[in-house]
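Colleague: Can you read through this structure? Questions will come right after.
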Ligand SMILES: CCC1=C(C)/C(=C/C2=NC(=C\c3[nH]c(/C=C4\NC(=O)[C@H](C)[C@H]4CC)c(C)c3CCC(=O)O)/C(CCC(=O)O)=C2C)NC1=O
């Protein structure tokens with residue numbers, strides 16, 4: 001598992017280069033955004049249960065078929081599995097935010113996920129809607145905490161969305 005710094009070093013080391021201007025710019029922006037990243041992780045951590053619950057309610061309101069007979073989140077067990085998955089996405093998004101790297105998502109979350117979902121009939125589209133709802137809630141909370149530019153929050157949520165939505169080639 002890599003973060004923004006170890007990825008960069010690995011990249012330069014593989015070609016035996018010193019850290020050039022591009023590398024230093026990348027490092028500067030990573031460190032400049034560090035406080036905001038840590039603050040974001042703190043906010044997510046303090047509100048995780050509420051965020052998941054609220055996002056779940058909103059998802060089932062938008063797509064009520066999910067929790068009706070025949071829906072994938074119908075029955076208490078599957079409903080709970082769905083909210084648990086949302087919680088995974090949120091927790092790993094907070095790790096990726098702190099790391100400044102999406103590597104942890106590839107390694108721990110996304111690998112084999114689409115295959116698992118396809119084999120269990122978990123619908124990808126609504127999962128993506130759930131991830132995007134959480135993104136919105138987190139961004140609102142980040143902005144409410146006074147972090148002016150919340151755009152860095154998008155990255156892990158959009159990354160998971162993109163990966164899940166990719167079509168098989
Ligand atoms: C940390 C990385 C990680 C992820 C991401 C993960 C996902 C994951 N979700 C699963 C199931 C599931 N996932 C869902 C999720 C949903 N159903 C819906 O209709 C909604 C759209 C959606 C919620 C947003 C459901 C309902 C199941 C149970 C499906 C079943 O057993 O029939 C399963 C199958 C095994 C199990 O039930 O535990 C895995 C592996 N597991 C992991 O270890």
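Colleague: Just to check your reading of the model, which residue among 63, 44 is touching a helix residue (DSSP H, G or I) at 6+ places or on another chain (Cβ under 6 Å), touching a residue at least 24 places away in the same chain (Cβ under 8 Å) and farther than 30 Å from residue 149 by Cβ?
Modeller: Checking each option against the conditions leaves just 63.
Colleague: Taking the range 49-60, which residues are surrounded by fewer than 17 Cβ atoms within 10 Å (Cβ to Cβ) and touching a helix residue (DSSP H, G or I) at 6+ places or on another chain (Cβ under 9 Å)?
Modeller: Those that are surrounded by fewer than 17 Cβ atoms within 10 Å (Cβ to Cβ) and touching a helix residue (DSSP H, G or I) at 6+ places or on another chain (Cβ under 9 Å): 49, 50, 53, 54, 58.
Colleague: So which of 142, 124, 148 ends up being closer than 25 Å to residue 61 by Cα and away from the ligand (no atom under 14 Å from the Cβ)?
Modeller: Answer to the check: 142.
Table: residues versus (1) buried (at least 19 other Cβ atoms within 10 Å of the Cβ); (2) within 7 Å of the ligand (Cβ to nearest atom); (3) in the same structural domain as residue 153 (by TED's automatic domain parsing).
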| site | (1), (2), (3) |
| --- | --- |
| 74 | no, no, yes |
| 84 | no, no, yes |
| 88 | no, yes, yes |
| 99 | yes, no, yes |
| 102 | yes, no, yes |
| 105 | yes, no, yes |
| 109 | yes, yes, yes |
| 114 | no, no, yes |
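The values are calculated or read from the model by the stated rules, or taken from the named source; none is laboratory data. Predicted model, so just to flag it, every value in this text is computed and none were measured. Cβ coordinates were reconstructed from backbone atoms using ideal geometry, including for glycine residues, and neighbour counts include every protein chain displayed.
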